[in-house]
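The values are calculated or read from the model by the stated rules, or taken from the named source; none is laboratory data. Fair warning: this is a prediction, and the values are worked out from it, not measured in the lab. Glycine also receives a Cβ, built like all others from the backbone with ideal geometry; neighbour counts cover every protein chain displayed.
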Amino acid sequence: MSDDPLQTPVQFLKGVGPARAELLEKLDVRTAEDVLFDLPRDYLDLTVVKPVAELEEGQVQTVRGRVVDLDGKKISGNRTLSAVLLDCDGDFVRGVWFNQHWVLKRFQPHDLVLFSAKVKRASGRWEMSHPMIQWLDEEDAEAGGGVLPIYRLTEGLNMQAMRRITRQTLESHAEFVPEELPEKFRQYTDLMPITAALHGVHFPQTIEQRDAARRRLVFQDLLEFQLGLALRRRLRTQQPISAKMPTTSKIDARIRRLFPFEFTAGQNSAVADIVQDLDSGHAMHRLLQADVGAGKTAVAIYATLVAIAAGYQAVLMAPTELLATQHWGTVEAILAHSRVNRLLLTGSLTAGERRQALADISSGAVQLIVGTQAVIQKDVNFANLGLVVIDEQHKFGVMQRAHFSSGDRVPHVLVMTATPIPRSLCLTQFGDLDLSVVSDMPPGRCKVTSSRVYTAAARKKAWEFIRRKLQSGRQAYIVCPRVQANESDAETEDASAEAVFRKLSDGELSGFRVGLVHGQMDRERKAAAMEAFRSGEIQAIVSTTVVEVGVDVPNATLMVIYQAERFGLSQLHQLRGRIARGRFDGYCFLFSETDNPEAVSRLQAMERTANGFEIAETDFELRGPGDVLGTRQHGDLPLRVADLTTDAAVLREARKVAFQLVDSGRFDDPDYAPLKIRVLERFREQMDLVGSG
């Protein structure tokens, strides 16, 4: 057992024992320290509950009562009214909801709940319209007033036990949590001491005390993370000097002549940032963020040509073979009349082709390499690598990005994504990178109209419209959430790609040429299907999300997304970006019968805006950071207590303070030694901070 009291296994804490320790293990709570930093997920503020006799009309107030009646009915204008009646110690308050019939399913008779909303008198009793709801358990009922913490639980572990374990651990172990923030720093940033913060966040006397306590813990969590990023950026500037790649007016003109269009203001701004980085003598580490269709690939190709003009090799790496092949097609079109030697390196090369490719790369005969992760295998040796462009960075791990910076060779790195990233994630996931944003669209870019289709009549009209467009020569994507049916389809429409393909071929699209493509098909069949669609041989193609990125068919102006509620907002936006890439406007139909309020909000956002940056912020608010960029699959953000969806303001403040500390050199003062040790313990390996002091 460790000598550190904070590492005491939970089994040996008062009130736990072996059986409860196994339950806490399911919550990733294994030590005394884990208990202390397993913060409440919510609170019950019973200090604001009002007796019915003291309610004031027109004011937002909170009442507590038991459910005694549930009522749902249709009213005028084809609307619905749902009502829940509460018995509040003998007085009654009614909560009402319009056009939200599903809300009644959330209640059971005798449930103990809090309703919060403005109150008014209606038919002789108090009424609240669309109140906020909080469910209570019997222990909460007995607690009287106060602010009660609500913790995450697992089967077999109730709230009363969790509160008791936490309170006892606070009393026995909170004093051992080190104070890593110097006193002067705490005064400057208005933060309470760590021990007081732990007591205040778990068992506050008031909501104000809870807020101050939580701010202390969240600020330190985000500060440590941002200090790691600041150290990482400082470390980069101390690494071996990277190649200087100047861009003269002659080079600029020669590159721009290759493009059959003028760059937009956003593209020119990003190019200016990149040109400055490449000529700085320090390794570029820049994130290029662009909306779907804003032309980030053109900017990336410009950057590779600057590197090649300076005598260096450049790599353009994509996460999938489909996207790498798409980039290769773009490169081939733009460089058709240039003397740049280039090759496509993917896993589908034959052994002989790969041997020749590797020989050409190591000899320097090839200047531009486009590929997948095949370009970072151990047997790939570059003669003179100067620039790496990584597309859709969030689909690669941090260590894959660091691969190019290992050893003495430190090339410039440009990371790019067509998935607009919420600002809070930019400051964390990519917080060590400089940022360029291309938000404007090329002139003449066609618009896409999105429509939520949730009734049989609307679906019939949609198919009639689609058939007319196909007859006029346009093409359509039909996107499905999966390849084959599964158990979740038992009570809903089978929206698997294979089932939809059969249904449409014999039904709504009978008489049209319909194809099928999905991830379980072998590479050759998949490529053949997409080529048939690209050439116009196929008029409509049924697919899974393999078309999300990397497919460019200018004549495709129609998209149907089955069970659209199953997709995240950013993914829907990516899919929608596949259409209207030519001379014609696009139409995206979101098929969904859901009445889930969060899902409906997502689909309404798609109807409301085509701006990817607005979409990203909405998606972030609805789903949180883990799902927006798929980081659930690639390692969650390493934050201890902070929540990026609610702590954005604290994040910005912590980032400013962290970078000021590191850039000024004050972080190297002895007063900050405990905090620096803590940062290196948390992030040395993950952020590759070896050598940072």
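Summary table below
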| item | result |
| --- | --- |
| Test result for residue 348, polar (S, T, N, Q) and touching a residue at least 60 places away in the same chain (Cβ under 8 Å) | yes |
| Residue among 265, 270, 243 that alone is over 30 Å from residue 643 (Cα atoms) and surrounded by fewer than 13 Cβ atoms within 10 Å (Cβ to Cβ) | 265 |
| Restricting region 527-544 to residues that are in contact with a helix residue (DSSP H, G or I) (Cβ under 7 Å, 6 or more places away or on another chain) and either of a type outside the set (A, V, I, L, M, F, W, C) or in the same structural domain as residue 322 (by TED's automatic domain parsing) (or both), the residue that is nearest to residue 580 (Cα to Cα) | 539 |
| Given (1) surrounded by fewer than 20 Cβ atoms within 10 Å (Cβ to Cβ); (2) closer than 18 Å to residue 681 by Cα, index of the condition residue 221 fails | (1) |
| Residue within region 72-79 that is within 18 Å of residue 131 (Cα to Cα) and at pLDDT below 95 present | yes |
| Region 15-28, subset in contact with a Lys or Arg (Cβ under 9 Å, 6 or more places away or on another chain) and surrounded by fewer than 18 Cβ atoms within 10 Å (Cβ to Cβ), residue modelled with the lowest pLDDT | 15 |
| Listing of helices (runs of 4 or more DSSP H) fully contained in region 600-693 that carry 1 or more residues being touching a Lys or Arg at 6+ places or on another chain (Cβ under 7 Å) and at pLDDT 90 or above | 648-664 |
| Restricting region 290-343 to residues that are part of a helix (DSSP H, G or I), of a type in the set (Gly, Ala, Ser) and touching a strand residue (DSSP E or B) at 6+ places or on another chain (Cβ under 7 Å), the residue that is surrounded by the most Cβ atoms within 10 Å (Cβ to Cβ) | 303 |
| Hits in region 561-596 (condition: hydrophobic (A, V, I, L, M, F, W, C) and under 22 Å from residue 467 (Cβ atoms)) | 561, 564, 575, 579, 580, 584, 588, 589, 590, 591 |
